[in-house]
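Below: one structure, written as structure tokens.
The values are calculated or read from the model by the stated rules, or taken from the named source; none is laboratory data. Note that the structure is predicted; figures quoted are calculated from it, not measured. When we count neighbours, we look across all protein chains shown, and the Cβ atoms used for this are built from the backbone with ideal geometry, even at glycine. Surface accessibility is based on the protein's heavy atoms, side chains included, excluding ligands, DNA and RNA. Shrake-Rupley method; radii C 1.70, N 1.55, O 1.52, S 1.80 Å.
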Amino acid sequence: MVELPKNFIAAAMDKEIVIFKLSLSGSDIVVMAMRHLADHQDTIHSLISINDGLFASGSHIGELIIWDSVDWTIQAYEHILWEEPAGDSQSEVKLKQIERSIQHMSSDGEYIVAAVGSGLYVFNVLMKSVVAYRKMAHDSNVLHTMLRLMSCSEDGSVRLWELQDLPLPAEPASSGFFGMFGTFGRSGKQTGPPAKKMPEIPGLRSLELIGDLIGHSGAVQMFLSFKEKGLVTCSTDHLLIIWKDGELQSQLRSLAVFQKLEENQKL
């Protein structure tokens, strides 16, 4: 459910988005359905506000729709289609749909990062085009994302990503390096083949793994970032883990030691 201008709210109900009008009647709040948006072909799994003028919805078969928050019209439509193996069996059809399912989205008003199956998809709202994508970002479905380019998954990991310019044709692709929170994780694990460049999409960038956090034994369902203060993750293993930036904490400890030494010298 997302809040819209002029006391309207939007709620996802199966394949439809229902627009409700909130109004006061004495001391009561009256909720009235005003419009049904039935443009999705499958169940809507994610509904978010982008900014004051736009909101977005994502479906089980990879439909990403950006809506105008005032007149509820479609501003952009993207059907995310990963490369798929040949075959007509029912199990393969079901697997294809799961791989394209948009489980979660987040936005900073300019970009959307979507969890699509076990992959990530970054979309520029202003340009209405894909910025970067990685089909296999995790070993299992991605459950939560953040535009600091972090993701968590059923595979029990939290991963950190960085947008990088695509290498020149003769230049080898970067293998990634371990970044912040490095004290607690490891990034040597291969996440599958690198994302292939989509044809004729100007400005497309690569999404590179720079670090991961290994500590949970169950699916990591969500995380909360407190920026430089750290990160909290929760999992089906019934654990809450607080992560700290190892490099930053080392700098703070060194600063505290120097301050203590200066205080002792003044005594």
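Per-residue SASA remark: SER46, around 10 Å² accessible (1.4 Å probe; ligands, DNA and RNA not included).
Which pairs break 29 Å Cα to Cα here: LYS15/LYS229; LYS229/LYS260; LYS6/LYS128; LYS128/LYS244?
Numbers: LYS15/LYS229 39 Å; LYS229/LYS260 22 Å; LYS6/LYS128 26 Å; LYS128/LYS244 36 Å.
Over 29 Å Cα-Cα: LYS15/LYS229; LYS128/LYS244.
With R₀ fixed at 25 Å, the C-beta to C-beta distance from ASP165 to MET222 puts the FRET efficiency at about 0.20. Taking amide H as placed 1.01 Å from N in the peptide plane, the amide H of SER46 sits under 5 Å from that of GLY58, each at least 5 places away or on another chain. According to the Kirkwood relation over distinct C-alpha pairs, the hydrodynamic radius of the range 1-160 is 16.4 Å. With a Förster radius of 30 Å applied to the beta-carbon distance between TRP82 and ARG148, the computed FRET efficiency rounds to 0.80.
Gain on full extension, evaluated as 0.36 nm per residue between MET127 and VAL30 minus their Cα-Cα distance, stands at 31.1 nm.
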